[in-house]
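Encoded as structure tokens, the structure appears first; notes follow it.
The values are calculated or read from the model by the stated rules, or taken from the named source; none is laboratory data. Please read all numbers here as calculations on a predicted model, not as lab measurements. Every residue, glycine among them, receives a Cβ derived from its backbone with ideal geometry; neighbour counts consider all protein chains shown.
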Amino acid sequence: MAADDGLSPYVTFGRDEWARLRAATPLSLSEGDLATLRGINERISLDEVAEVYLPLSRLLNLYVAASQALYRVTDTFLGQPAAKVPYVIALAGSVAVGKSTTARILQALLSRWPDHPRVDLVTTDGFLFPNRELEARGIMDRKGFPESYDLRHLVQFLSDLKAGRREVVAPVYSHVVYDVVPGERAIVRQPDIVIMEGLNLLQTGDHGGAPRVFVSDFFDFSIYVDAEEADIEQWYVDRFLTLRETVFQDERSFFHHFAPLSTDEAIALARRIWLTINGVNLKENIQPTRERAHLVLEKGRDHAVRKVKLRKR
């Protein structure tokens, strides 16, 4: 363990140091389980699950237990029935950095702890404005930037979650059609934990008429998945090439017109999209929120987590 300089809010752990904090936590995932959780072009191993994500699940389990106890104390003091309020975890980071895989692995591990078996995963993609609204506002090419989200809707969703409502409804997004699906909804019914995954979750500040209450106000714990920009860009290009051979082949795909591109054309296009859109969003909006996270997972070029930074409490 290495204490960062006195100005840093973090303590940094090498992977071996962090792995020891697993203690006796058993590995509850099999290779078959992991195969269903991996993202495109990610080669995460069971060793990494054991060394990185098991210690993290143990830490989160302790935080959840402490939070539940605190709610019980407050309810006792107020003389009211104990309310079931989910523990909300934010998971932020760039496009192509591996947020979705991290979220799915944490969901699987946390749901195996006996004190909180119900763990829901919600992505902020569903809270993007529909394409027709983005086009009307002239920001279709800013999709994923803070102003492209219906922040009032997202804040209301999180507010209802933390109020302990029996059912909270979230919109659903399709990556095939690249749009919010009209009329389709995901219902969240008082889970023990909710993992919110998205690009700009840790932001404050007024973007596109954002309310004074911010999305980040509702999080009990936040995680930022980090890597060097050059590595993330290469992962984005690799993913684009894979999608060209798979999802883009589907005639329903919004990006079906990219399917016939040659490899060189696809690489050039992916790098142009990164340079003009995703890289800009990372530098201007996403990366500046990194220091607000409770925990940072730092990845190396091979996509494996090399360091873990935990905020000092």
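Restricting to the range 138-158, count the residues that are assigned to a helix (DSSP H, G or I), of a type in the set (Lys, Arg) and within 23 Å of Leu275 (Cβ to Cβ).
Looking only at that region, the number is 1.
Can Gly138 be described as within 18 Å of the chain's Cα centre (by Cα) and of a type outside the set (Val, Ile, Thr)?
no
Taking the options Val95, Val122, Val64, name whichever one is in contact with a His (Cβ under 9 Å, 6 or more places away or on another chain), surrounded by 20 or more Cβ atoms within 10 Å (Cβ to Cβ) and among the aliphatic types (A, V, I, L, M).
Being in contact with a His (Cβ under 9 Å, 6 or more places away or on another chain), surrounded by 20 or more Cβ atoms within 10 Å (Cβ to Cβ) and among the aliphatic types (A, V, I, L, M) holds for just one of Val95, Val122, Val64, which is Val64.
Show the residue pairs meeting these rules: Cβ distance below 6 Å; 6+ apart or different chains; first residue within the range 269-287 and under 14 Å from Ala92 (Cα atoms); second residue surrounded by 15 or more Cβ atoms within 10 Å (Cβ to Cβ) and among the small types (Gly, Ala, Ser).
Within 6 Å, the pairs are Asn281/Gly144; Leu282/Ser94; Ile286/Ser94.
Only one residue in Leu199, Leu275 is in contact with a Gly (Cβ under 7 Å, 6 or more places away or on another chain) and either modelled with pLDDT of 95 or more or under 20 Å from Asp150 (Cβ atoms) (or both). Which one?
Leu199
Which residues, counting only those in the range 263-296, are out of contact with any helix residue (DSSP H, G or I) (no Cβ under 8 Å at 6 or more places or on another chain) and not in a helix (DSSP H, G or I)?
Hits for the range 263-296 are Ala293, His294.
Report yes if some residue within the range 148-156 is over 19 Å from the mean Cα position of the chain (by Cα), modelled with pLDDT of 95 or more, surrounded by 15 or more Cβ atoms within 10 Å (Cβ to Cβ) and hydrophobic (A, V, I, L, M, F, W, C); otherwise report no.
Looking through the range 148-156, none of the residues is over 19 Å from the mean Cα position of the chain (by Cα), modelled with pLDDT of 95 or more, surrounded by 15 or more Cβ atoms within 10 Å (Cβ to Cβ) and hydrophobic (A, V, I, L, M, F, W, C).
Based on this model, can you work out whether Arg72 counts as in contact with a Ser or Thr (Cβ under 7 Å, 6 or more places away or on another chain) and farther than 30 Å from Asp231 by Cβ?
no
Might you check whether a residue that is under 23 Å from Phe254 (Cβ atoms) and more than 18 Å from the chain's Cα centre (by Cα) occurs anywhere in the range 71-88?
Checking the range 71-88: not a single residue is under 23 Å from Phe254 (Cβ atoms) and more than 18 Å from the chain's Cα centre (by Cα).
Considering only the range 26-48, state which residues are crowded, with 16+ Cβ neighbours inside 10 Å and closer than 28 Å to Val85 by Cα.
Within the range 26-48, Leu29, Leu37 qualify.
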